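Worksheet for the structure shown next.
Derivation of every value follows stated rules applied to the coordinates shown; laboratory data play no part. Computed from a prediction, not measured in an experiment: that's the story for all the values here. Every residue, glycine as well, gets a Cβ built from its backbone with ideal geometry; the counts of neighbours run over all protein chains shown.
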């Protein structure tokens, strides 16, 4: 039985209508990116859960859970705490978009049998995935910046540690988005039913947030022997990396106090932790790309 | 005499899903440069057959050849219209067109001409497709699929949800494609589509049950007994099987029964006449299938 692969597309590129392989891939990636970007931005669920809910949660957290300025320890400031909280909930919004909204869109296409049509086209599965990823990144960026801006209005302070902080912050955002969409592809592949996909991705979103002490912002919620988790799990790792690079939160617990800011454990500020996030993204991203090809295209996803 | 190579050749095609086999050994040749119509009731696998030929689904067993290649290798040689599975409701008509334009390298800008021929209001392309009627969606799906310049078009129920005026306009578009030497394989429920076809293949649960030109197939259909009133015609028709519409009851004249003996009853509005394409559909889809079983 013949089947599609990245190679089969190359074989058919010999007509007079052919264009360079890279150019065609870019065109297809753009097509998927624009389509999914537009569809996501016009879906009420994305607006409510991707943009509205993280912002609302930030407000609620700031109003109810954050200390008054007088109760803040000397090691930090209320502005810094608000800043790190905004970073954490901004990344919560990023995961809402890249995991839940992304999975919902892919699942809709599969359920509606649109892949019967897409498989009949000379489409590169990797262009499909890349386009969807770019759309997810664009919408996630809006969700992320929105929470940071609301934090700013609420008195959050953001301070870059140095010139390296810019690529680290952007890089962690992109890598974390790749983790989100990759998990979305994985769940969509494992669970056929689109309603179940939305439910399960929401569960992953919330469980990962709470099990890592609010994306690593409240490590005291975890027993001491589990503290290592929050510097390893991709959501809390990304949040803590960004919080250190974007605020003046101390990386270690000051001498003489048991707990301060986001420590213990110490913040993951070394380059090895950036490498760990790269590994997460590469492993999951490779798996997702493979699944788009082998499961969705060659494997008749949605049938 | 040389026999032309078919554009599409299907042999012993089998395809099933979790709930059973839908296609159980289908054979079909689609002549190049002609219009072939797949007719059959819902659920017999016409869309699945088209999807397998298009490369949208993979056969469990059997062979499919599209211009001598596997469907996978022929994706640039064909365009597949799949009803209700192409458009994204949140996108405008223009945005849906742009998406598919970027995915097929042989797409042209003919969509506006096709839409105009099908009486589609071009301004509606600015609306989100979720606000379209079923007919508008079908016209857009057709315009997207037919604006690709390829030698083979696979169209899944292109006349569903269209009014008869638009059906006739679509027929003229498809006929012009045939004149240009292109091959069309079309699934349909609409008997009026038979007028367009060079070949009709009737699909039933046990595969292709009849295939031939519309004239050949029509000539093999028995005369039709038509009753307007309460006349009892069940004994005069094959298998006693009656097909009812709002006005008439009808059946196919039983072998050995003379038309005069049926119409001769006093006071009964019964007539015997030559079959139409609607009768042909009923005969091959419902009556012949039952006999074949």
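Among A:280, A:228, which comes first, then next, by fewest other beta-carbon atoms within 10 Å? Let's see the in-between values first.
Working: A:280 21, A:228 11.
Arranged by neighbour count, lowest to highest, A:280, A:228 become A:228, A:280.
Is the shape of the range A:112-176 best called rounded, prolate or oblate, per the rule: a/c under 1.5 gives rounded, else a/b larger than b/c gives prolate, else oblate, with a ≥ b ≥ c the square roots of the Cα gyration tensor eigenvalues? List each step's numbers first, then the result.
Details: a/c = 6.66, a/b = 2.33, b/c = 2.85.
Since a/c reaches 1.5 but b/c is at least a/b, the shape of the range A:112-176 is classed as oblate.
What FRET efficiency comes out for the pair residue B:234/residue A:48, r = Cβ-Cβ distance, R0 = 41 Å, nearest 0.05? The partial results should precede the final answer.
Numbers: r = 61 Å, r/R0 = 1.49.
Given R0 = 41 Å and the Cβ-Cβ separation, E is 0.10.
Let a ≥ b ≥ c be the square roots of the eigenvalues of the Cα gyration tensor of the range B:222-274; is it rounded (a/c under 1.5), or, if not, prolate (a/b larger than b/c) or oblate? If you can, show how the numbers build up before the last one.
On the way: a/c = 1.60, a/b = 1.10, b/c = 1.45.
Note, shape of the range B:222-274 comes out oblate.
Using a Förster radius of 56 Å, what is the FRET efficiency between residue B:32 and residue B:255 based on their Cβ-Cβ separation? Nearest 0.05, please. Present the calculation step by step, with values, prior to reporting the outcome.
Working: r = 38 Å, r/R0 = 0.68.
Result of the calculation: an efficiency of 0.90.
Quick one: compute the contact order of the range B:8-218, relative version, from alpha carbon pairs under 8 angstrom and 6+ residues apart, as a percent. Please report the intermediate quantities before stating the final value.
Values: 412 pairs, mean separation 61.5, N = 211.
Dividing the mean separation by the residue count of the range B:8-218 yields 29 percent.
Can you give me the convex hull volume of the Cα atoms of the range B:8-218, divided per residue and expressed in Å³? Don't skip to the end; give the middle numbers.
Details: hull volume 24.6 nm³, N = 211.
Roughly 117 Å³ of hull volume per residue.
On a 0 to 90 degree scale, rounded to 10, what angle separates helix A:165-190 from the longest Cα axis of chain A?
That helix lies at roughly 50 degrees to the long axis.
Give me A:68, B:239 sorted ascending by neighbouring Cβ count inside 10 Å, so fewest comes first.
Fewest to most other Cβ atoms nearby, the residues stand as A:68, B:239.
For the ranges B:147-158, B:36-47, what's the packing order if you count other beta-carbon atoms within 10 Å of each residue, average per peptide, and put the highest first? Write down the numbers at each step before the final one.
Working: B:147-158: 23.0, B:36-47: 20.5.
Ranking the peptides B:147-158, B:36-47 by packing returns B:147-158, B:36-47.
Evaluate the Debye formula for chain A with equal point scatterers sitting on the alpha carbons, no solvent, and hand back log10 of I(q)/I(0) at q = 0.13, 0.15, 0.16 Å⁻¹, in q order, two decimals.
The Cα Debye sum returns log10 ratios of -0.88, -1.10, -1.22.
Out of every Cα-Cα pair in the range A:53-193, what percent are more than 21 Å apart? Show your work: numbers first, answer last.
Details: 5158 of 9870 pairs.
Everything past 21 Å amounts to 52 percent.
Averaged over its residues, how many other protein chain Cβ atoms are within 10 Å of peptide A:109-118's Cβ atoms? Please list the in-between numbers first.
Details: counts 2, 0, 0, 6, 8, 7, 3, 14, 15, 6.
So the per-residue partner count for this stretch is 6.
Alpha carbon centre of the range A:98-114 versus the range A:154-168: separation in Å?
That distance is 35 Å.
Tell me, what is the percent relative contact order of chain A, built from C-alpha pairs under 8 Å that lie six or more residues apart? Mind dumping the intermediate values first?
On the way: 450 pairs, mean separation 79.2, N = 303.
It rounds to 26 percent for chain A.
Provide, in order from the shortest bin, the percent of all Cα-Cα pairs of the protein assembly as shown in each 10 Å bin, continuing until the bin that contains the maximum pair distance.
3, 15, 21, 19, 14, 11, 8, 5, 3, 1, 0, 0
Please compute the length gained on full extension between residue A:161 and residue A:207, using 0.36 nm multiplied by the number of residues separating them and subtracting their Cα-Cα distance. Walk me through the numbers before you get to the answer.
Values: separation 46, 0.36 × 46 = 16.56 nm, distance 3.07 nm.
Extending this stretch completely gives an extra 13.5 nm.
By the gyration tensor of its Cα atoms, with a ≥ b ≥ c the square roots of the eigenvalues, what is the shape of the range B:135-232: rounded for a/c under 1.5, prolate for a/b over b/c, or oblate?
Details: a/c = 2.23, a/b = 1.60, b/c = 1.39.
Prolate.
I want to check the label-to-label distance for residue A:152 and residue A:226. Put each point 7 Å from Cα in the C-beta direction and report it in nm to one decimal.
3.6
Please list A:86-97, B:101-112 highest first by mean number of surrounding beta-carbon atoms within 10 Å per residue. If you can, show how the numbers build up before the last one.
Numbers: A:86-97: 29.1, B:101-112: 18.4.
Averaged packing, sorted descending, gives the order A:86-97, B:101-112.
With axes computed from alpha carbons, what is the tilt in degrees of helix A:234-246 against the longest principal axis of chain A, rounded to the nearest 10 within 0 to 90?
It works out to around 60 degrees.
Just subtract the alpha-carbon distance of residue B:223 and residue B:192 from 0.36 nm times their residue separation and send over the number in nm, one decimal. Provide the component values of the computation, followed by the final result.
Working: separation 31, 0.36 × 31 = 11.16 nm, distance 1.89 nm.
Here the answer is 9.3 nm.
Mind ordering A:35-42, B:164-171 by average Cβ neighbours within 10 Å, highest first? Display every interim value, and only then the final one.
Values: A:35-42: 20.9, B:164-171: 16.2.
In decreasing order of mean packing, A:35-42, B:164-171 become A:35-42, B:164-171.
Using Cα atoms only, what is the angle between the long axis of helix B:164-179 and the major principal axis of chain B, expressed in degrees (0 to 90) to the nearest 10?
Tilt relative to chain B: about 70 degrees.
Taking beta carbons within 10 Å but only from partner chains, what does the mean come to for residues B:85-92? It would help to have the intermediate numbers written out before the result.
Details: counts 9, 6, 3, 10, 5, 10, 6, 2.
Counting Cβ atoms of other protein chains within 10 Å of each residue's Cβ and averaging gives 6.
Using only the alpha-carbon atoms of the range A:130-243 as identical scatterers, what base-10 log of I(q)/I(0) does the Debye formula give at q = 0.12, 0.16 Å⁻¹?
Computed log10 I(q)/I(0) values: -0.52, -0.91.
Using alpha carbons only, how many angstrom separate the centre of the range B:158-195 from the centre of the range B:48-101?
For the range B:158-195 versus the range B:48-101, the Cα centre distance is 18 Å.
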